[in-house]
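What follows is one structure encoded as structure tokens, with my remarks underneath.
The values are calculated or read from the model by the stated rules, or taken from the named source; none is laboratory data. Remember, it's a predicted structure, so these values are computed and weren't measured experimentally. We place every Cβ from the backbone using ideal geometry, glycine too, and count neighbours over all the protein chains shown.
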């Protein structure tokens, strides 16, 4: 198999996940497309950046995409982030809504998009992409414990946001 | 288990990691039971986003990236090694034929200069657009001696695949464009021209693939 065929295979294996990650982080299909393109251009132009000894290609591509998304978010501050100190661990509310209903799903997506980026990426990687804490830690370039605490915090913030909308 | 310990474990519990101690605690603590339910509801919502996600990059993005890869790092399909000695042999035969064949007086120029020698064009076999992989036998070089005594009606040669280009896919949409090429331009498409003047130009047609890259060429006399 030639390099180009290997590249095509890699693209088909990983591009959808990379695109969705960028979309879930940015909320913009155009930005997601740009991030996906830049991620694979990085792999094409700088294949030396990927060291198989340090891990698999998937987390590497997520890492590249994460950096590109963060750059995009800094450049284009579209969403007003939720207060980092918002108290979210409410236990006073009963379940009021069904979070699998379409309108509530959209509300949940919107709530994810206003999380501060460091919490947002924890939710997107661990909950939406079902990565292990270890894999997410490799992408986020932080210890596993930090991933857990950010994810815990992010989920509390999401619950607070949704409870304010009476969705949970 | 205390409520504080429960709070440390409730997220993992809601994400599918069962813990008997947590379950024992929520049976006794109504507040923590509600908290676990909320977390599970959140997990269900997040799973629903994940499973119902249909967004994907546009197909054009893949085509753009692969076309760029072809330009930057070479074509997706390598020319088989055996073709190199075969082509070298064909070139030697052509050279021998040129030097040993009896010379004929020029009857007229191909274009432009009246002193232009009769150009010899070594070309690959014709391309069938519906067949992306030309067979080995078709790759053998053959010689076309292009001489024209009088202006002839326009004739079209068969399409010749460009050696370094990605073969056409049978389902690929193509576009044919007519161009006027120099000898250097022909050489860049894999057609070597012997005896051509530097300023010689010929009309040709190119097959462009969906990505806009030339895949095959034919001379139009």
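Only one of A:38, A:33 is touching a helix residue (DSSP H, G or I) at 6+ places or on another chain (Cβ under 9 Å) and facing chain B (nearest Cβ under 8 Å); which?
When all the criteria are applied, what remains is A:33.
Which of the numbered conditions does residue A:57 fail, given that it passes all the others? Conditions: (1) closer than 23 Å to residue B:72 by Cα; (2) buried (at least 18 other Cβ atoms within 10 Å of the Cβ); (3) more than 13 Å from chain B (Cβ to nearest Cβ).
Residue A:57 satisfies every listed condition except (2).
Taking segment A:1-28 only, how many residues are over 19 Å from residue B:70 (Cβ atoms) and at the interface with chain B (Cβ under 7 Å from one of its Cβ atoms)?
4
Can you spot a residue in segment A:107-130 that is at pLDDT below 85, away from every other protein chain (no Cβ under 12 Å) and not in a helix (DSSP H, G or I)?
There is no residue in segment A:107-130 that is at pLDDT below 85, away from every other protein chain (no Cβ under 12 Å) and not in a helix (DSSP H, G or I).
For segment B:11-52: of the residues being buried (at least 16 other Cβ atoms within 10 Å of the Cβ) and not in a helix (DSSP H, G or I), which is farthest from the other protein chains (Cβ to nearest Cβ)?
Only one residue fits best here, namely B:29.
Name the residues in segment A:154-164 that are surrounded by fewer than 22 Cβ atoms within 10 Å (Cβ to Cβ) and touching a helix residue (DSSP H, G or I) at 6+ places or on another chain (Cβ under 6 Å), would you?
Answer for segment A:154-164, where residues must be surrounded by fewer than 22 Cβ atoms within 10 Å (Cβ to Cβ) and touching a helix residue (DSSP H, G or I) at 6+ places or on another chain (Cβ under 6 Å): just A:161.
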